[in-house]
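Heads up, the thing below is written out as structure tokens.
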Amino acid sequence: MPFSAATLQSLQSIVGEKGFITDTKEIAPFLEESRGRFHGTCDVLIKPASTKEVSEVLALCNDEDIPVVPQGGNTGHCGGAVPKGGVLLNLSRLNRIRDIDPLNATITVDAGCILKDIQDTAKSADMLFPLSLASEGSCQIGGNLATNAGGIQVLRYGNMRDLTLGLEVVLPDGRIWKGLRGLRKDNTGYDLKHLFIGAEGTLGVITGAVLKLFPHPKETQTCLIGAADIYQLMDGYAQLRSVFGSDLSAFEIMPRFGVEIVAKHMEGLRDPFTRAYPWYAVVELSASRPDTNLRPALEETLHHLLEQGFFQNILMAETITQAENFWRLRESMSEAQKHEGASIKHDVSVPLSKIADFLTETGHMIQNILPDARLCTFGHAGDGNIHFNISQPVQMDKPEFLSHLPELNQIVHEMAERYHGSFSAEHGIGQIKMTEMEMFRGGSELEIMRSLKRTLDPNNIMNPGKVVPAP
Ligand SMILES: Cc1cc2nc3c(=O)[nH]c(=O)nc-3n(C[C@H](O)[C@H](O)[C@H](O)COP(=O)(O)OP(=O)(O)OC[C@H]3O[C@@H](n4cnc5c(N)ncnc54)[C@H](O)[C@@H]3O)c2cc1C
């Protein structure tokens, strides 16, 4: 339904000229999804500068049944922030660091703060905010919360659910829930913040958060491991974990194909080993105390694991540059895949004890259908999260390969489910995984979600058509 002039006028009077954009050229970049898969439309782009403005905008939209799509940095991979008409509510002007409390080890922020700015503010107080993603220079903490973002340090610090103590949320009818409590103990009924974390803007707009801070690590050690097979690699991981506990801050696995294509296509990167191995892992340990002798302890343990055959080869990073290059190997994997033609990608998780079986069995099933498909299965194995990516066979053209997409998606997602895993480990549902939501979360789970949605958003104005499929 097109907006009336009176509605537009009311919206403009709430947010002022700076926050009210109808110029189509100015709006255009906000309508594109980061990977170019979704193109949105909206009637107006609203950029509120305070929680009160968000509240007044939502109250008005609720009264007039106008859909509202919250948007952070628009870096999400599932089309969740892409509107289909109505109001696009971009939070970028709500970007104040409200408070930092080093003794309580918390920082209180507006939802539109860029993740990197929060990390930097924490660092300037000699503290660490550990969420770290490749999109950290542009994603916002509100988007990180709404997608329960994970990143590369989940193993030690957890994901956004674990990093959040309190929230401020504007409900669809404009009421403000002030839950900005920086408490580690608060047993006062239902823990409401978890309703909004991971809800992808379907239940309300997050406007502020109290986040946990940690001591800055005083020492970090990074190494690269070559392994003969995924079973030995994961068993080796368990050994490392039993020795180093929470000092083990990352364990990222990569297959031979992934390392090969990164070395082939990415400027300044090469295979650091002189021999090829079927599997690799980037391992990082960090300690909050400077005197833990982390390096000799790691070297001794790795030597032992090498002797026992868990690992085939090990390279310790001798310099910060070398450590960064090990990480770049891992982080360039998606980019390198673009040079190898089309890819079919999945973001799944399974229990750690099932990773090796899941990868082996699912890999066989894919190769039964496409014998020359090239598997680029890498990821945050320490948290059970695998990016199960498939690159097109060299001899096959792109349309033919992509015609297998539904079949391959089904295999990977069904196998994740069979292993009691998840078809969406860290990127969420958005509009891209609605079918899977129905398939794998149907029954009582989806019914509970639907009834929560109906209760909080009876007019279905918040990000309609995302996350929770209509019955
Ligand atoms: C290069 C790259 C690497 C990435 N790596 C990771 C990774 O390692 N781990 C990971 O988890 N993700 C990763 N992502 C995905 C993405 O960056 C995250 O999902 C991020 O948390 C999204 O933040 P955003 O501000 O861009 O949100 P947006 O994309 O703008 O929005 C995402 C969803 O959140 C909702 N939303 C946004 N702000 C609010 C708010 N204030 N209140 C309510 N709802 C809101 C939107 O409606 C939408 O549904 C990566 C993305 C890129 C481009």
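Some values worked out for this structure:
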{"item": "Mean accessible surface per residue for segment 5-90, computed with a 1.4 Å probe while every protein chain stays in place, in Å²", "result": "43 Å²"}
{"item": "Mean-position separation - Cα centroids, segment 291-310 and segment 157-230, in angstrom", "result": "34 Å"}
{"item": "Under-5 Å amide H pairs with Phe38, H placed in peptide plane, nonlocal only", "result": "Glu33"}
{"item": "Fully extended contour minus Cα-Cα distance, from Thr319 to Gln395, at 0.36 nm per residue", "result": "23.3 nm"}
{"item": "Mean shadow area of segment 71-170, taken as a quarter of the surface of its Cα convex hull (nm²)", "result": "6.7 nm²"}
{"item": "Cα-based reach from Lys193 at 17 Å (exclusive), listing aspartates and glutamates while leaving out same-chain residues under 8 positions away", "result": "Asp110, Asp162, Glu168, Asp457"}
{"item": "Amide proton proximity set for Phe388, modelled H, under 5 Å, gap of 5+", "result": "His346, Asp347, Val348"}
{"item": "Backbone HN-Hα couplings from phi across segment 416-427 [Karplus 6.51/-1.76/1.60, Hz, Gly and Pro as x]", "result": "4, 5, 4, 8, 6, x, 10, 7, 9, 7, 9, 9"}
{"item": "Kirkwood hydrodynamic radius (C-alpha pairs) into Stokes-Einstein, segment 341-418, 4 °C and 1.567 mPa s, D in µm²/s", "result": "103 µm²/s"}
{"item": "Dipole moment magnitude, nearest 20 debye, the chain about Cα centre, only Lys, Arg, Asp, Glu C-beta charged", "result": "600 debye"}
{"item": "Accessible area of segment 341-418 divided out per residue, in Å², using a probe of 1.4 angstrom", "result": "40 Å²"}
{"item": "Charged-residue dipole, Cβ positions (Lys, Arg, Asp, Glu), segment 341-418 about Cα centre, Debye nearest 20", "result": "140 debye"}
{"item": "Integer Hz, Karplus 6.51/-1.76/1.60 couplings in order for segment 116-128, x for Gly and Pro", "result": "4, 5, 5, 4, 5, 5, 4, 4, 5, 9, 6, 10, 10"}
{"item": "For the chain, the Rg and Dmax computed from alpha carbons only, in angstrom", "result": "23.2, 76"}
{"item": "Net charge, Thr51 excluded, C-beta distance under 11 Å - Lys, Arg +1, Asp, Glu -1", "result": "0"}
{"item": "Per residue accessible area in Å² of segment 219-333, where ligands, DNA and RNA are left out and the probe is 1.4 Å", "result": "45 Å²"}
{"item": "Mean projected area in nm² (Cα convex hull; one quarter of hull surface) for segment 5-90", "result": "5.3 nm²"}
{"item": "Net lengthening on full extension, Ala28/Arg275 (0.36 nm per residue, minus Cα-Cα)", "result": "84.0 nm"}
{"item": "Surface share of carbon and sulfur [accessible, 1.4 angstrom probe, percent] for the chain", "result": "51 percent"}
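The values are calculated or read from the model by the stated rules, or taken from the named source; none is laboratory data. Predicted, not measured: the structure shown is a model, and the values here were computed from it. As a convention, Cβ positions derive from the backbone with ideal geometry for all residues, glycine included, and neighbour counts pool all protein chains shown. Please note that ligands, DNA and RNA were not included when accessible areas were found on the heavy atoms of the full protein model with its side chains. Shrake-Rupley method; radii C 1.70, N 1.55, O 1.52, S 1.80 Å.
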